[in-house]
1. Which residue is farthest from the chain's Cα centre (by Cα), if the candidates are limited to segment 594-607 and must be on the phi < 0 side of the Ramachandran plot and buried (at least 18 other Cβ atoms within 10 Å of the Cβ)?
2. Which members of segment 371-411 meet the condition of being more than 28 Å from residue 354 (Cβ to Cβ), touching a residue at least 12 places away in the same chain (Cβ under 8 Å) and in a loop (DSSP other than H, G, I, E, B)?
3. In segment 509-528, what count of residues is obtained for those that are closer than 22 Å to residue 308 by Cα and in contact with a helix residue (DSSP H, G or I) (Cβ under 6 Å, 6 or more places away or on another chain)?
4. Quickly run through segment 216-258 and pick out the residues that are touching a strand residue (DSSP E or B) at 6+ places or on another chain (Cβ under 6 Å) and in a loop (DSSP other than H, G, I, E, B).
5. Would segment 498-518 turn up any residue that is surrounded by 18 or more Cβ atoms within 10 Å (Cβ to Cβ), within 18 Å of the chain's Cα centre (by Cα), modelled with pLDDT of 95 or more and part of a helix (DSSP H, G or I)?
6. Considering each of 246, 162, 253 in turn, give the residue that is within 26 Å of residue 53 (Cβ to Cβ) and surrounded by fewer than 17 Cβ atoms within 10 Å (Cβ to Cβ).
7. Kindly indicate the residue of segment 53-75 that is modelled with pLDDT of 90 or more and in a loop (DSSP other than H, G, I, E, B) and also surrounded by the fewest Cβ atoms within 10 Å (Cβ to Cβ) among those meeting that condition.
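The values are calculated or read from the model by the stated rules, or taken from the named source; none is laboratory data. Remember, predicted model here, so these are calculated numbers, not experimental data. Cβ coordinates were reconstructed from backbone atoms using ideal geometry, including for glycine residues, and neighbour counts include every protein chain displayed.
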């Protein structure tokens, strides 16, 4: 394993920066360096901490995509800087790790595994299943980066050693350098490798513990591949409807099936040392609060996920936090009519406005509300203040072990009491969802609704109900795994696990007895709390949830809050800013930019991130 890491580190640095081509080629062609590398270990290294390998991956998720999709808001009030202001000279670029991860780790290492490590192995024929799985994952990661950036040097990239290509040309989402549709190339790659897995023989080596997704279960990888093809095709509903229809029909009829239960969900389980409460990672607990949009929807329909995803504010007893309870005791003492005096906060679940123009409104004060009181000390009146947490926090344990540790950046009032509710770090394994069963249900509900008939064996309403049920079940299970007190600790002040009875009651609500696209996407948006990148893509594809001034839900449908600054509308960025390469490849980069900007929907320059990638049709 050390040898392969050394080789790959050299490969990364020599591709991204400058270096000696001869040394690079020797590293990649010398059989003595690679003959003893176990491809199974190389696979584990290539997929290590999938799309969440750096601390900034997580902190940028908080500061960017979780905010623009209005799951969270900065605790000091909504910021206009995360949105596009047409009158401003600069634009924000919503962060995703896909581009750097493909060329710096995932795509780089998986391609190297398939093209170099396995072919040089004495038993290379017994590693064909592993090569097929690696190819599917490499195509998935490539699709993610094209989906967000629109272009990348895919066909010629990473071929410095094998073919001496120092300045790779750029492929576009809709057309690669060979004139083929890039999305079809990626789909075909996945399809071909599903066939390899479908024809697997007993002599194939199994990834087993080196596979942090499916523990080597080939049948689940087939289902993932088929489901991924549907997911990728759904993006192209407007751009290439014939292709969209053909892929969906083909994937649904495949004998290997699609993801059809929780056990088949594609979820990467990180090694236990991942996200061990470093100061910046726990920022979700300290620097952000839940949005009005999310809280309002969950409250309106008595959603069982409410106490799992959202923490109560401090205007009441039972905060799972001794310090916040003590502050509330002060409030009761000096404001015995607090329920009337502060009625706007005593509902306990209060979200903050995502609209920057609301920063001085009732819904956008700081996360703590300062209240004056007079204390009598030695017979004299002394003016004092108390601070009560008025906005609800997101349950950050889904993203950081135990929600963070109490230290110099995480105050004792920011999380549930450590002694009562934290569990051993080694008992928690964080995870990154790729495609989950409830997400598939909502995808299929949409497909069935638009087709006007049964698809995948169910009607749109049946898929919709199954998606809701599966999402509730999923978040209860995930909350148990992440030690969320309300889900798994009966000593919690707010113990409210999601049960079969609460699921049945939720599904029986009148709002959910009919199905519409708005209802499907609403539930998908809530479900994608752990995968906000896909909520962003779904919003771009459908325009849902839609915006309105006051984000009060209607008829089972959620609405994003309109975003303005000084009364002028702001816009959610629709794409990433294509990274600039080193100077040696700037000509090819400029050629790609010229092609991208020839599409008026893309925008006049790459920094106009309100513009659209080719698939993102108006």
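1. Out of the qualifying residues, it is 596.
2. Of everything in segment 371-411, those that are more than 28 Å from residue 354 (Cβ to Cβ), touching a residue at least 12 places away in the same chain (Cβ under 8 Å) and in a loop (DSSP other than H, G, I, E, B) turn out to be 405, 406, 407, 408.
3. 7
4. None - no residue of segment 216-258 is touching a strand residue (DSSP E or B) at 6+ places or on another chain (Cβ under 6 Å) and in a loop (DSSP other than H, G, I, E, B), so the list stays empty.
5. No, segment 498-518 has no match at all.
6. 162
7. 75
Per-residue answers, yes or no, for (1) modelled with pLDDT under 95; (2) closer than 30 Å to residue 220 by Cα; (3) touching a helix residue (DSSP H, G or I) at 6+ places or on another chain (Cβ under 9 Å):
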position	(1), (2), (3)
258	no, yes, yes
276	yes, yes, yes
281	yes, no, yes
303	no, no, yes
349	no, no, yes
361	yes, no, no
